[in-house]
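What follows is calculated from the coordinates using simple rules that are stated; it is not laboratory data. For clarity, every value in this text was computed on a predicted model and none was experimentally measured. We place every Cβ from the backbone using ideal geometry, glycine too, and count neighbours over all the protein chains shown.
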Amino acid sequence: MATLPVDELFELEASALEATDAAGELESLAEVEREYLGKKGSIRRQMRRLGQLDQSDRPAFGKAVNDVATRVEARLTERRASLKAAEREAALEAPNFDPTLPGITVGQGALHPLTLIDWRLDEIFRSMGFYVLDYPEVDSEYFNFEGLNIPADHPARDMQDTFWLTNGQLLRTHTSAGQVRTMREFAPPFKAIFPGRVFRYESTDASHDHTFHQVEGIYIDREVSVAHLISSMKTLLSEVFGREVKVRLRPGYFPFVEPGFELDISCLVCGGDGCSVCKQSGWVELLPCGLIHPNVLRAGGLDPDEWQGWAFGLGMSRLVMMRYQIEDIRHLLGGDVRFWSQFTGTGLE
């Protein structure tokens, strides 16, 4: 086996210290650090020699390498501080330096409007006795479709263009995918909401995006009614907007509820006059809802002769647009800092 190679190690140390002292700027100092102490640096590479040494010599050589690295790192830190101080002194002596100029303003962050509404909805529904739950964005075909009374040959699948994954899973197309999970998880009676992102493989426009947010709500009890559902939804909207909001209820078809309804809200962007958000109709589809279909109750392990329920799927992205007068849904996930800055210190929080 090779003898203890400490002479070469100490030569490396001397070379590193000399290069450190000779570095005249921070960039060249960083290069010295990479050359000697980086992951592939010449000092760190000495550890590879441990396998060539007698086992009894390895602890001493390993300690010697670490000690050398520590001394070189200390000299680098000292030199870095010296160079920074020199740069600062040079800047202070520069003819164009003006110490009376104000400092750089640090920008204040803002909560995303989706976050603001999400938190507000959690607060409202908790006050009404609802659980607030979370379910996976990547789900199975069963929970997203079949358990919701949407078999493979059902035409309703054409309404929800789906992102399929190579393992047979999918990106959930609606938060309704949590309905059956909830019924299997909690013993009735119970009330719950589960907000989150959903995904649709579709074209985008002012009121549609491939990724958006919903809030699913479900209420299971021995006797439920449409009147109770409508009352809960009106309470929700009045709490969010701080006033009574004009709504309308019209028949709607959804395989997992019977009867089903569409609860529309008068467009608050245009005041009902017609715009790109409401497609010139003056109304925005906001809240599909209805009484839970018996087949869905059975999929959740409940006897429809004993238990009833209602459910809704609130379009949270559209609710945000109405609350903050946002004319294009694509702004919500667009990442434009100029857009988010409007929500800082405006009282919208």
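Nearest 0.05, what FRET efficiency do Lys84 and Phe186 give at R0 = 51 Å with Cβ-Cβ as r?
In this case the efficiency is close to 0.30.
Within segment 18-53, list the trypsin sites (Lys or Arg not before Pro) lying in a DSSP loop whose Cβ has at most 16 other Cβ atoms in a 10 Å radius.
Here the trypsin sites (Lys or Arg not before Pro) that fit, given the DSSP loop and packing criteria, are Lys39, Lys40.
Neighbour counts of other C-beta atoms within 10 Å: give me Ser56, Ser341 arranged from fewest to most.
Ser56, Ser341
Just the isolated ones, please: cysteines in the chain lacking another cysteine beta carbon under 4.7 angstrom.
Among the cysteines of the chain, those whose Cβ sits 4.7 Å or more from every other are Cys289.
Tell me the relative contact order for segment 143-198 as a rounded percent, counting alpha carbon contacts under 8 Å between residues six or more apart.
37 percent
Sort the following peptides by mean Cβ neighbour count (other Cβ atoms within 10 Å, averaged over residues), highest first: 191-199, 166-174.
Ranking the peptides 191-199, 166-174 by packing returns 191-199, 166-174.
Could you calculate the FRET efficiency of Tyr131 with Lys39 from 1/(1 + (r/R0)^6), where r is the beta carbon distance between them and R0 is 45 Å, rounded to 0.05?
E between Tyr131 and Lys39, to the nearest 0.05, is 0.40.
Cα axis of helix 58-93 to longest principal axis of the chain: angle in degrees, 0 to 90, nearest 10?
Here the helix axis deviates by roughly 80 degrees.
Under a Cβ-Cβ cut-off of 9 Å, what is the net charge of the residues other than Val198 that fall near it, where Lys and Arg count +1 and Asp and Glu count -1?
+2
Tell me whether segment 5-115 comes out rounded, prolate or oblate; compute the Cα gyration tensor, take square roots of the eigenvalues as a ≥ b ≥ c, and use a/c under 1.5 as the rounded threshold.
Verdict is oblate for segment 5-115.
Given only helices, namely DSSP H runs of n ≥ 4 each adding -39500 (n - 2.57), what is the per-residue ellipticity at 222 nm of the chain, to the nearest 500 deg cm²/dmol?
-11500 deg cm²/dmol
Taking the highest mean first, how do the peptides 127-140, 203-216 order by number of other beta carbon atoms within 10 angstrom per residue?
203-216, 127-140
Would you order Ile230, Ile292 from fewest to most other beta-carbon atoms within 10 Å of each residue's own beta-carbon?
Lowest to highest Cβ neighbour count: Ile230, Ile292.
Would you list which lysines come within 29 Å of Lys40, measuring only between C-alpha atoms, while excluding same-chain residues fewer than 8 positions from it?
Lys63, Lys84
Could you work out how much longer the chain between Ser266 and Glu25 gets when fully extended? Use 0.36 nm per residue separation minus the Cα distance between them, nm to one decimal.
Length difference between fully extended and current span is 80.3 nm.
Want the number for Glu146 to Leu249: 0.36 nm per residue separation, take away the alpha-carbon distance, what's left?
Difference between extended and current length: 34.4 nm.
What distance in nm separates the two pseudo spin-label positions at Thr166 and Leu111, each 7 Å out from Cα along the beta-carbon direction?
Between Thr166 and Leu111, the label points sit 4.0 nm apart.
Return Leu50, Leu121 ranked ascending by Cβ neighbour count within 10 Å, so the fewest neighbours appear first.
Taking fewest neighbouring Cβ atoms as first place, the list is Leu50, Leu121.
Mind pulling the angle between the C-alpha long axis of helix 26-37 and the longest principal axis of the chain? Nearest 10 degrees, somewhere in 0 to 90.
80 degrees
Taking the Cα atoms only, what angle lies between the long axis of helix 6-22 and the longest principal axis of the chain, rounded to 10 degrees?
Around 80 degrees separate the two axes.
Could you sort the peptides 236-249, 299-312 by per-residue average Cβ neighbour count (10 Å cutoff), highest mean leading?
Final packing ranking: 299-312, 236-249.
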